[in-house]
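The values are calculated or read from the model by the stated rules, or taken from the named source; none is laboratory data. Predicted model only: the values in this text are computed from it and were never measured. Glycine gets a Cβ as well: all are built from the backbone with ideal geometry, and neighbour counts include every protein chain shown. Quick note on the areas: whole protein, heavy atoms, side chains included, nothing else; ligands and nucleic acids left out. Shrake-Rupley method; radii C 1.70, N 1.55, O 1.52, S 1.80 Å.
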Amino acid sequence: MSSASRRRRRPFVVAAAALSMAVTTALGTTAHSAPQRAVTATLVSDITYQIMDHEDWGPNERCTRTDHSRDGLSEAEAPRSFAFSRTCGGEIRVEIDYKARLSHDRSIVIPEGHVKFFEGSSVVTNDEDGGLDFGFTGEPQTIIPGGESRTRSFYVQNSAEGEPDDHALVTVTWTNVKNYQLHRIGH
């Protein structure tokens, strides 16, 4: 074999060896790759409170309050708890709490929650005078498919002390935003 033909063969041998190493590395990496990323979505919660603090003397106090949150959910995690609270008139506090989880079909499920109405001598009172539970036995869970929103409204009042004029309407809009959509819309 001439030296010219050996030189022409040499790059081919080197290229074949490099290709063989690349295939081995790729196969080895595939066999030992990291676990797949868990499915994720983002739960956006927009909450509006319309609270009325009825007064026996002077004008009633009407308060509109809002809350907003954006939280990532993973299919691999247990249901997460969320809690929000707003006040009005120096003596009323309204709380909402709920759990959310991501299902295997990428829907977000709100399996349960509570809305509580407190009224006392200040907003830090522990005197719970009304409330309701949602998503428990007998009432459907809220399911939000990917890319969609669901709105629920909850009316609570001071029923423990016979003062139904003290009340709140809590409206929640839950949106299931797929994470890749957040980047596309600039959030």
| request: Restrict the check to region 96-114 and report whether at least one residue is without any contact (Cβ under 8 Å) to a residue 60 or more places away in the chain and of a type in the set (V, I, T). | output: yes
Taking region 120-163 and keeping only residues that are in contact (Cβ under 8 Å) with a residue 60 or more places away in the chain and closer than 26 Å to H54 by Cβ, one is left with V156, E163
Handout entry: Hey, D71 within 23 Å of the chain's Cα centre (by Cα), under 26 Å from Q50 (Cα atoms) and open to solvent by 80 Å² or more (accessible area, probe 1.4 Å) or not
Key = no
Heads up, the strands (runs of 3 or more DSSP E) in region 74-187 (entirely inside) with at least 1 residues that are more than 30 Å from G58 (Cα to Cα), aliphatic (A, V, I, L, M) and open to solvent by 50 Å² or more (accessible area, probe 1.4 Å) are 80-88, 142-144
Of (1) loosely packed, with under 14 Cβ neighbours inside 10 Å; (2) more than 13 Å from the chain's Cα centre (by Cα); (3) not in a loop (DSSP other than H, G, I, E, B), R65 satisfies every one except (1)
